[in-house]
């Protein structure tokens with residue numbers, strides 16, 4: 001069986017420099033997919049770049065932490081931070097609210113659908129969704145997001161669980177521990193009726209989560225050599241560390257340029273040599289053409 005790999009760049013729409021990096025990587029054959037933030041400061045620029053590149057799969061990067069909602073804040077009060085206008089700025093605070101039942105699933109569904117529809121109104125045909133900071137690792141977040149997919153006609157979602165073999169190659173002990181802590185939820189996610197019945201499509205998992213901030217040429221080569229047969233996603237966060245990024249709250253700065261250089265050094269023509277079974281690059285819109293396993 002051949003390896004099928006989706007290389008997805010997160011944070012499309014966050015800054016013009018991130019948008020430019022994603023466009024350059026797609027043009028070079030090194031990124032097949034990107035997920036766009038509905039309220040990103042560089043949203044319009046990202047839409048224009050995506051529309052000029054119909055071969056780039058574009059999804060919605062659903063933001064529920066550290067951002068601004070699309071919905072009227074009064075309609076999603078349990079998602080908001082102390083200012084009652086923006087989301088919580090702490091992933092831990094958000095997760096605790098979800099687990100305690102303080103964050104309502106219908107509020108998550110409403111905001112996820114609003115963000116998806118924002119992109120659809122801009123004229124984009126969306127291939128899939130994922131979540132900022134992988135919040136749909138939590139089943140109480142995944143379920144309402146999947147319901148939003150049903151409401152919007154989207155058939156694919158990121159499998160947010162990273163396999164253990166990839167986590168050990170990631171280079172970040174903290175992120176590897178984070179991945180392992182949520183590992184038990186993988187079976188629940190994959191056994192949910194929409195996923196198990198293939199009404200909603202996904203991959204075998206996502207690699208590169210533990211490598212976020214450490215995705216250099218050595219790590220990328222190791223991941224590609226180790227990847228088993230089947231359909232997988234490699235997540236990345238390329239961009240330019242410029243003045244626009246200085247104005248954004250983000251942990252990844254110089255690391256974004258490292259990822260950009262790393263991916264540019266692995267053009268499409270070299271990827272098949274990384275895995276003995278061969279490797280085909282696809283995006284989420286092409287999952288229907290493949291048996292996903």
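The values are calculated or read from the model by the stated rules, or taken from the named source; none is laboratory data. The structure displayed is predicted, hence computed values, not measured ones. Ideal geometry is used to build each Cβ from the backbone, glycine not excepted, and the neighbour counts take in all protein chains shown.
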Quick one: how many residues across region 79-96 are out of contact with any strand residue (DSSP E or B) (no Cβ under 8 Å at 6 or more places or on another chain) and surrounded by fewer than 17 Cβ atoms within 10 Å (Cβ to Cβ)?
-> 10
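Tally up the residues in region 24-64 that are closer than 19 Å to residue 215 by Cβ and in contact with a strand residue (DSSP E or B) (Cβ under 9 Å, 6 or more places away or on another chain), please.
Of region 24-64, the ones closer than 19 Å to residue 215 by Cβ are 24-26, 28-35, 61.
So of that shortlist, the ones also in contact with a strand residue (DSSP E or B) (Cβ under 9 Å, 6 or more places away or on another chain) come out as 25-26, 29-35, 61.
Total satisfying the criteria: 10.
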Collect the residues in region 61-90 that are without any contact (Cβ under 8 Å) to a residue 40 or more places away in the chain and either under 16 Å from the mean Cα position of the chain (by Cα) or under 19 Å from residue 239 (Cα atoms) (or both), keeping them in residue-number order.
-> none
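Please verify whether residue 58 is assigned to a loop (DSSP other than H, G, I, E, B) and under 16 Å from the mean Cα position of the chain (by Cα), treating the condition exactly as stated.
Values: assigned to a loop (DSSP other than H, G, I, E, B): no; under 16 Å from the mean Cα position of the chain (by Cα): yes.
Considered against the rule, which asks whether it is assigned to a loop (DSSP other than H, G, I, E, B) and under 16 Å from the mean Cα position of the chain (by Cα), residue 58 comes out as no.
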If you check every pair at least six apart or on different chains, which have Cβ atoms under 7 Å apart with a residue in region 13-27 that is in contact (Cβ under 8 Å) with a residue 12 or more places away in the chain and at positive phi first and a residue that is surrounded by fewer than 24 Cβ atoms within 10 Å (Cβ to Cβ) and assigned to a loop (DSSP other than H, G, I, E, B) second?
-> 13/40; 13/42
Looking at (1) within 21 Å of residue 30 (Cβ to Cβ); (2) under 18 Å from the mean Cα position of the chain (by Cα), which is the one condition that is false for residue 202?
-> (1)
Here are 45, 10: which of them is under 13 Å from the mean Cα position of the chain (by Cα) and either surrounded by fewer than 24 Cβ atoms within 10 Å (Cβ to Cβ) or part of a strand (DSSP E or B) (or both)?
-> 10
Would you mention how many residues in region 194-214 are touching a residue at least 60 places away in the same chain (Cβ under 8 Å) and in a loop (DSSP other than H, G, I, E, B)?
-> 5
Residue list for region 79-105, filter: within 22 Å of residue 149 (Cα to Cα), in contact with a helix residue (DSSP H, G or I) (Cβ under 7 Å, 6 or more places away or on another chain) and part of a helix (DSSP H, G or I) | 79, 94, 98, 105
Considering each of 103, 157 in turn, give the residue that is over 19 Å from the mean Cα position of the chain (by Cα), touching a residue at least 24 places away in the same chain (Cβ under 8 Å) and buried (at least 20 other Cβ atoms within 10 Å of the Cβ).
-> 103
Condition set surrounded by 14 or more Cβ atoms within 10 Å (Cβ to Cβ) and more than 24 Å from residue 99 (Cα to Cα), scope region 169-200, selection modelled with the highest pLDDT: answer is 200
Just give me the residues in region 116-132 being under 19 Å from the mean Cα position of the chain (by Cα), surrounded by fewer than 24 Cβ atoms within 10 Å (Cβ to Cβ) and outside any loop (DSSP other than H, G, I, E, B), in sequence order.
-> 117, 118, 120, 132
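Return yes or no: is residue 260 under 22 Å from residue 130 (Cβ atoms) and either modelled with pLDDT under 90 or touching a strand residue (DSSP E or B) at 6+ places or on another chain (Cβ under 7 Å) (or both)? Lay out the reasoning, then the answer.
Details: under 22 Å from residue 130 (Cβ atoms): yes; either modelled with pLDDT under 90 or touching a strand residue (DSSP E or B) at 6+ places or on another chain (Cβ under 7 Å) (or both): no.
Judged against the criteria, residue 260 is not a match.
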Could you say which residue among 147, 251 is surrounded by fewer than 22 Cβ atoms within 10 Å (Cβ to Cβ), modelled with pLDDT under 95 and more than 20 Å from residue 286 (Cβ to Cβ)?
-> 251
Members of region 225-248 found to be more than 14 Å from residue 10 (Cα to Cα), crowded, with 19+ Cβ neighbours inside 10 Å and at pLDDT 90 or above, listed by number | 227, 231, 232
Would you check which residues across region 1-17 are within 22 Å of residue 208 (Cβ to Cβ) and touching a helix residue (DSSP H, G or I) at 6+ places or on another chain (Cβ under 7 Å) and list them?
-> 6, 9, 11, 12, 13, 15, 17
Considering only region 18-42, state which residues are in a strand (DSSP E or B) and in contact with a helix residue (DSSP H, G or I) (Cβ under 8 Å, 6 or more places away or on another chain).
-> 33, 34, 36
